[in-house]
Amino acid sequence: MATITLKSISEKPIADLILSALEAERREILTAIKKTEFKLKNLEEKYHISTDEFLAQPSRIPELDALEWLGEEETLKLLQDKLSQLEEIQICT
């Protein structure tokens, strides 16, 4: 488990500020996930196959769309990992 200690020169508590920043980041990631899922859904509908089917046989798709599909799938995984990490953060006061 990683631990970080934050100190402020202000006398005001910073826990609420940190929680607010973490929540804003979470909302940003969720928005990015929705956009990425929408792009993947459009590709699935265009080619009438699921992302899993595409990943099994990417050569069936034109190169530019295949690159976009692979990139969106990788982006989705990275965003989901980032969200998972963020949601595991606990503020200890």
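The values are calculated or read from the model by the stated rules, or taken from the named source; none is laboratory data. Since the structure is predicted, the reported quantities are computational estimates derived from the model, not experimental observations. So basically every Cβ, Gly included, is an ideal-geometry build from the backbone, and we count neighbours across all protein chains shown. The area values use the complete protein model at the heavy-atom level, side chains included, leaving out ligands, DNA and RNA. Shrake-Rupley method; radii C 1.70, N 1.55, O 1.52, S 1.80 Å.
Among the candidates K39, K77, the residue that is assigned to a helix (DSSP H, G or I), over 13 Å from the mean Cα position of the chain (by Cα) and at pLDDT 95 or above is uniquely K39. Within the range 1-9, the presence of a residue that is loosely packed, with under 14 Cβ neighbours inside 10 Å, part of a helix (DSSP H, G or I) and of a type outside the set (K, R) is excluded.
Looking across the range 73-84, the residues that are surrounded by fewer than 16 Cβ atoms within 10 Å (Cβ to Cβ) and not charged (D, E, K, R) come down to L78, Q80, S84. In the range 65-76, the residues that are within 13 Å of F38 (Cβ to Cβ) form Cβ pairs under 6 Å with partners that are charged (D, E, K, R) and open to solvent by 30 Å² or more (accessible area, probe 1.4 Å), at six or more places apart or across chains, as follows: E72/K39.
I33 meets the conditions (1) assigned to a helix (DSSP H, G or I); (2) farther than 20 Å from Q80 by Cα; (3) of a type in the set (A, V, I, L, M); (4) at pLDDT 95 or above in every case but one. The failed one is (2).
Scanning the range 31-41 for residues that are exposed (fewer than 13 other Cβ atoms within 10 Å of the Cβ) and either touching a residue at least 24 places away in the same chain (Cβ under 8 Å) or among the polar types (S, T, N, Q) (or both) returns a single hit, T31.
The rows are residues; the columns are (1) open to solvent by 100 Å² or more (accessible area, probe 1.4 Å); (2) at pLDDT below 95; (3) not polar (S, T, N, Q).
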| residue | (1), (2), (3) |
| --- | --- |
| E45 | yes, no, yes |
| S50 | no, no, no |
| L55 | no, yes, yes |
| I61 | no, yes, yes |
| D65 | no, no, yes |
| G71 | no, no, yes |
| L86 | no, no, yes |
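Pairing residues of the range 1-17 that are more than 16 Å from L86 (Cα to Cα) and free of Cβ contacts under 8 Å to residues at least 24 places away in the same chain with residues that are in a loop (DSSP other than H, G, I, E, B) and among the polar types (S, T, N, Q), at Cβ distances under 7 Å and at least 6 apart in sequence or on separate chains, gives I14/S8.
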